[in-house]
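Some notes on the structure that comes next.
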């Protein structure tokens, strides 16, 4: 079905790297990468995002933020974004990928996953929980 997945958020330092690593855990046979439509290219994962992930047994070590491109969009079979507005952002890079672009929170009643950047630790915890639940739902859906 979908063997390659691109996870997108805005800066590629909080949500999408966490979502990428969670999907890699639950979908070991799939290729999963992440990018940002306004990436902080070259930066590591946000420190709080890394700490929260580590407390849940997930490592964001080695993550380097990368900028979304049209070529990246076209290369991957499924594109998962965090917010509805990100769908429009992705389509500005590559309009033809609209049909394969869905919310990361699709299986959680189309939940949007808001950006915790520069917010409280509790915001990061909440986002981690949303991402973890969504990743499990994607694993169930893609393993059918």
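Give the residues of region 21-49 that are crowded, with 22+ Cβ neighbours inside 10 Å and over 24 Å from residue 74 (Cα atoms), sorted by residue number.
Those that are crowded, with 22+ Cβ neighbours inside 10 Å and over 24 Å from residue 74 (Cα atoms): 45, 46, 49.
Each row is one residue, and each column tells you yes or no for (1) within 14 Å of the chain's Cα centre (by Cα); (2) at positive phi; (3) surrounded by 13 or more Cβ atoms within 10 Å (Cβ to Cβ).
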position: 62; (1), (2), (3): no, yes, no
position: 102; (1), (2), (3): yes, no, yes
position: 105; (1), (2), (3): yes, no, yes
position: 111; (1), (2), (3): yes, no, yes
position: 125; (1), (2), (3): no, no, yes
position: 136; (1), (2), (3): yes, no, yes
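If residue 125 satisfies every condition in (1) in a helix (DSSP H, G or I); (2) touching a strand residue (DSSP E or B) at 6+ places or on another chain (Cβ under 9 Å); (3) touching a residue at least 40 places away in the same chain (Cβ under 8 Å) but one, which is the exception?
The number of the failed condition is (2).
May I ask you to list the residues in region 66-103 that are assigned to a helix (DSSP H, G or I), under 21 Å from residue 14 (Cβ atoms), in contact with a helix residue (DSSP H, G or I) (Cβ under 9 Å, 6 or more places away or on another chain) and touching a residue at least 24 places away in the same chain (Cβ under 8 Å)? Spell out the reasoning first.
First, the residues of region 66-103 that are assigned to a helix (DSSP H, G or I): 70-75, 84-93, 95-100.
Going one step further and asking which of them are under 21 Å from residue 14 (Cβ atoms), we end up with 72-73, 84-90, 93.
Still in the running and in contact with a helix residue (DSSP H, G or I) (Cβ under 9 Å, 6 or more places away or on another chain): 72-73, 87, 90, 93.
Across region 66-103, the qualifying residues are 72, 73, 90, 93.
Please count how many residues of region 1-57 are assigned to a loop (DSSP other than H, G, I, E, B), touching a strand residue (DSSP E or B) at 6+ places or on another chain (Cβ under 9 Å), closer than 18 Å to residue 132 by Cα and touching a residue at least 60 places away in the same chain (Cβ under 8 Å).
The qualifying residues number 3.
Just to check your reading of the model, which residue among 77, 96 is surrounded by fewer than 16 Cβ atoms within 10 Å (Cβ to Cβ), at pLDDT 95 or above and in contact with a strand residue (DSSP E or B) (Cβ under 6 Å, 6 or more places away or on another chain)?
On the way: 96 fails: in contact with a strand residue (DSSP E or B) (Cβ under 6 Å, 6 or more places away or on another chain).
77 is the lone residue from the list that is surrounded by fewer than 16 Cβ atoms within 10 Å (Cβ to Cβ), at pLDDT 95 or above and in contact with a strand residue (DSSP E or B) (Cβ under 6 Å, 6 or more places away or on another chain).
Which number in (1) assigned to a helix (DSSP H, G or I); (2) more than 21 Å from residue 41 (Cα to Cα); (3) out of contact with any strand residue (DSSP E or B) (no Cβ under 6 Å at 6 or more places or on another chain) marks the one condition that residue 109 misses?
Unmet condition: (1).
The values are calculated or read from the model by the stated rules, or taken from the named source; none is laboratory data. These numbers were taken from a predicted model, which means no experiment stands behind them. Ideal geometry is used to build each Cβ from the backbone, glycine not excepted, and the neighbour counts take in all protein chains shown.
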